[in-house]
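The values are calculated or read from the model by the stated rules, or taken from the named source; none is laboratory data. None of these values were measured; they are calculated from a predicted model. Cβ coordinates were reconstructed from backbone atoms using ideal geometry, including for glycine residues, and neighbour counts include every protein chain displayed.
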Amino acid sequence: KDDQSLIESDKPKETFSDVGGLEDVKKKIRMNFILPLQQPELFAAYGKEAGGSLLLFGPPGCGKTFLARAVAGEIDANFMHIELQAILSIYTGQSENNLHDIFEKARENKPCVIFIDELDAMGGSRHQMRQHHDRMLVNQLLLELDGLQAENDNVFVIGATNTPWYLDSALRRPGRFNHLVFVPPPEEAERQTILGLKIAGKPTQSLNLSRIAAETKFFSGADLEQLVSDAVEFAMERTFETGEIQPITHDDLKKALKSRKATTLEWFS
Ligand code: ATP
């Protein structure tokens, strides 16, 4: 793999309206990232500037990546997705340089959101051999984050982890990832919203999404998306059998529910 294949870069079209629920999280991001960019003079009055970093944590599939993309979509920014594990395993010995290059590239393409997935891959309880190398990488990241604070250059860093307890403590110190935000599994009303978003525009018949929402406690957004995708398949099977477009029904969703389980429950135990 070369450098490029490790870093996906694009300009997301998703916005906050595509993210179901998570209103508190969106509000916090709006206040700290989006409004300063849109109305810098108001924030300058308080000595605040656009840019900075945010750490999202929570169970898998609840929208951390999706949200990060939507932040970029909201501010019409470029989006760079870094999978830290991949950089660590492939660039042993030179991943510090690599990390620096990524930040440089982001500066050339600002406004830019850098999304660092699997942040816990840095440090934490891992093999002794790696520790020295990991430390260097953590230090490099700290340097880049400190640089962001100083330069106010419209580069935003969003980190994400499923296991915040493995995170190197230096990364959690104030001034580094200065906003720590929990991204929880959706509540019942949010589940209904997400189901609605995922099913929007598809042919349906007498769905009762509030009932499905009530029966999907601890389902993540990704679980709900999967449920809709299963139901779509059932409707498509009928479509192929009959030769006519068949709507997705409540029974399709109920049937899908039989073979799918909530995946966030494990995270809490
Ligand atoms: P991981 O920790 O495993 O990386 P994640 O928290 O980053 O998970 P995402 O990749 O953002 O989860 O979510 C997976 C998919 O689930 C998204 O592409 C999106 O389609 C859907 N999804 C999750 N949460 C939401 C939400 N709140 N609203 C709409 N879609 C959602």
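Points to keep in mind about this one:
- Highlighted here are the helices (runs of 4 or more DSSP H) found entirely within segment 176-269 that include at least 1 residues which are surrounded by 17 or more Cβ atoms within 10 Å (Cβ to Cβ) and away from the ligand (no atom under 12 Å from the Cβ): 209-214, 221-242, 250-258.
- Qualifying residue in segment 163-171 (condition: touching a residue at least 40 places away in the same chain (Cβ under 8 Å), exposed (fewer than 14 other Cβ atoms within 10 Å of the Cβ), charged (D, E, K, R) and not in a helix (DSSP H, G or I)): no
- Restricting attention to segment 59-86, the residues that are buried (at least 21 other Cβ atoms within 10 Å of the Cβ) and either within 10 Å of the chain's Cα centre (by Cα) or part of a helix (DSSP H, G or I) (or both) add up to 12.
- Subset of segment 19-46 (residues that are over 17 Å from the mean Cα position of the chain (by Cα) and assigned to a loop (DSSP other than H, G, I, E, B)): Gln39, Ala45, Tyr46
- Candidates Glu96, Glu144, Glu104, Glu108, filtered to the one that is acidic (Asp, Glu), modelled with pLDDT of 85 or more and surrounded by 15 or more Cβ atoms within 10 Å (Cβ to Cβ): Glu144
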